[in-house]
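Remarks on the structure that follows.
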């Protein structure tokens, strides 16, 4: 598996780790070119993060997003996200996704950061931006 820019990806992981909740993440910090999402893609590289694996993760998240949007006043239910984490760990074990990407998603989707639907929706937007920059950079 190609090497990643560990320092750059670890700085993004640390920045996410410093947030109390994902809704605190400013859209401008991750959506702009050379923002956090683009830095993730540049650090990991498009070769080590397979588009198929990224789409699988995104597809699962899209399903959760649709549930959240249908019931915006309900408390956020992290059950589906918890089921996603072993799938991601398995993908790391099979070298389908880089370990650093898994570590990033663990921070982004940490239950303590996803207390409300708004928190999940911001996390979803962040992953969607990663997907977009991955396509742009590949």
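The values are calculated or read from the model by the stated rules, or taken from the named source; none is laboratory data. Predicted, not measured: the structure shown is a model, and the values here were computed from it. Ideal geometry is used to build each Cβ from the backbone, glycine not excepted, and the neighbour counts take in all protein chains shown.
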Name the residues in the range 103-138 that are buried (at least 21 other Cβ atoms within 10 Å of the Cβ) and not in a helix (DSSP H, G or I), would you? 109, 114
Assess whether residue 100 counts as being in a helix (DSSP H, G or I), touching a helix residue (DSSP H, G or I) at 6+ places or on another chain (Cβ under 8 Å), within 28 Å of residue 28 (Cβ to Cβ) and at pLDDT below 95. yes
Out of all the residues in the range 31-46, which are more than 13 Å from residue 100 (Cα to Cα) and at pLDDT below 90? 46
Filter the range 47-77 down to residues that are at pLDDT 85 or above, in a loop (DSSP other than H, G, I, E, B) and buried (at least 17 other Cβ atoms within 10 Å of the Cβ), then give me how many there are. 1
Please give the number of the condition residue 19 fails out of (1) modelled with pLDDT under 90; (2) outside any helix (DSSP H, G or I). (1)
Among the listed residues 14, 37, identify the single one that is part of a helix (DSSP H, G or I), within 14 Å of the chain's Cα centre (by Cα) and closer than 14 Å to residue 126 by Cβ. 37
